[in-house]
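Undergrad: Provided herewith is a single structure, encoded as structure tokens, for subsequent inquiry.
The numbers here are math on the coordinates, done by the rules we state, and not lab data. Please read all numbers here as calculations on a predicted model, not as lab measurements. Quick reminder, even Gly has a Cβ in these numbers, built from the backbone with ideal geometry, and neighbours come from all protein chains shown.
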Amino acid sequence: MNLGIAGKTAIVSAASRGIGKAIALGLAKEGVNMVICARNEAGLRKTAHEIESASSIKVVPIIADLTKASEIKSLIEETADRFGWIDILITNAGGPPPGPSLSFTDQDWEHAMVLNLLSAVRLCREVIPIMRSQGWGRIVNMVSVAAKQPLQDMILSNSIRAAVIGLAKTLSQEVAADNITVNSICPGWILTDRLESVVRKQAEGQHKTYEIKLAELTADIPMKRCGTPEEVANLAMFLSSERASYITGATIQIDGGLVKGLL
Ligand SMILES: NC(=O)c1ccc[n+]([C@@H]2O[C@H](COP(=O)([O-])OP(=O)(O)OC[C@H]3O[C@@H](n4cnc5c(N)ncnc54)[C@H](OP(=O)(O)O)[C@@H]3O)[C@@H](O)[C@H]2O)c1
């Protein structure tokens, strides 16, 4: 399938590792101009080189902490200055920590809200006027199955991801007539550094080994395996494409069958 997005420009936030990196690589291979961000400069530059070697695209790495409004503003301004337009926005970020529900302080809650909700609000607020002026845009929010089915020991994610779905659904209705789509992806358990650290922390809390905890998580997945970042990237690339032109306001899980609800 020709995705019809060669020559467009994308920002993939939090893209030095894991799911964000796989999406940036996939889009670059489709000929999309690529801007990626993360906090750690060495890791971000290494990823930019890797994506450039695997595609014919020059990747622009911009150091940005998604918890800081001014750094999000600079990320968007630098991208617009460099390319003149922004067609695709993937709002990805790090994830909140797992832990017992009553153990989190106000500060933990505030940090998770800024990282996982306010970063998406700020990115969309900066990018939508640009997309409106172009009459074309694709926004894909990276969320979690936690928004559809609460996960054990993940109250921050279970609560805040649902708010991102509310944001995406609201925006999707307001910008649909401008030919901008807004969709959300809910990954289940995907093999990345984050999954490893979440499983290690849960295992510690439950006095189990990492291997046993991972086997327990996998046993709950109907497909009996975790997903790969590339599998999530394939969905994100499709939703970012010309081919997904009539899909908006959708919240799609990619979880090997983990979510048991009907919708
Ligand atoms: N893996 C899963 O099973 C899974 C399932 C559901 C949802 N998710 C969600 O999907 C998102 C990506 O997950 P992942 O597994 O790919 O994570 P990951 O492997 O830990 O990668 C996280 C990326 O985010 C960047 N990052 C973290 N905090 C940042 C900040 N404040 N500002 C800018 N960049 C930041 C990291 O780079 P720096 O550290 O250099 O900043 C890195 O590039 C997370 O929100 C996660 O909760 C993951």
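Undergrad: Under 1.5 on a/c is rounded, so check that first for the range 156-200, then, if it is not, pick prolate when a/b is larger than b/c and oblate when it is not; a ≥ b ≥ c are the square roots of the alpha carbon gyration tensor eigenvalues.
TA: prolate
Undergrad: Assuming 0.36 nm per residue, please report the length gained on full extension of the stretch Lys260 to His111 beyond their Cα-Cα distance.
TA: Fully extending the segment from Lys260 to His111 adds 50.7 nm.
Undergrad: Now for a different question. Rounded if a/c is under 1.5, else prolate if a/b is larger than b/c, else oblate: which is the range 125-263, with a ≥ b ≥ c the root eigenvalues of its Cα gyration tensor? Could you put the intermediate results ahead of the total?
TA: Details: a/c = 2.54, a/b = 2.18, b/c = 1.16.
It is prolate, given that a/c is not under 1.5 and a/b is the larger ratio.
Undergrad: Using a Förster distance of 30 angstrom, determine the FRET efficiency expected from the C-beta separation of Asn2 and Lys169, and round it to 0.05.
TA: Calculated transfer efficiency: 0.55.
Undergrad: Go ahead and run the numbers for FRET between Ser53 and Ser133, Cβ-Cβ distance against an R0 of 22 Å, rounding to 0.05.
TA: 0.05
Undergrad: Please report, in whole Å³, the volume per residue of the convex hull around the C-alpha atoms of the chain.
TA: Working: hull volume 33.3 nm³, N = 263.
Considering the Cα atoms of the chain, their hull volume per residue is 127 Å³.
Undergrad: Same structure again: Enumerate the lysines that Lys68 could reach by cross-link, defined here as Cα to Cα under 27 Å, with residues fewer than 8 away along the same chain left out.
TA: Lys8, Lys21, Lys46, Lys58, Lys169, Lys201
Undergrad: Enter the angle in degrees (range 0 to 90, nearest 10) between the Cα long axis of helix 210-219 and the first principal axis of the Cα atoms of the chain, meaning the one along which they spread out most.
TA: Helix 210-219 and the main axis of the chain meet at about 80 degrees.
Undergrad: Based solely on its DSSP helices, what 222 nm [θ] is calculated for the chain when runs of n ≥ 4 H residues each add -39,500 (n - 2.57) and the sum is averaged over all residues, nearest 500 deg cm²/dmol?
TA: My calculation for the chain gives -14500 deg cm²/dmol from helical runs alone.
Undergrad: Taking the range 185-238, which chymotrypsin sites (Phe, Trp or Tyr not before Pro) meet the DSSP loop condition and have no more than 13 other C-beta atoms within 10 Å?
TA: none
Undergrad: Using only Cα atoms, find the angle between the long axis of helix 229-239 and the longest principal axis of the chain, and express it within 0 to 90 degrees, rounded to the nearest 10.
TA: 40
Undergrad: OK, next. Nearest 10 degrees, 0 to 90: what angle lies between the long axis of helix 18-29 and the longest principal axis of the chain (Cα atoms)?
TA: 30
Undergrad: Rounded if a/c is under 1.5, else prolate if a/b beats b/c, else oblate: with a ≥ b ≥ c from the C-alpha gyration tensor eigenvalues square-rooted, which is the range 1-74?
TA: Note, shape of the range 1-74 comes out prolate.
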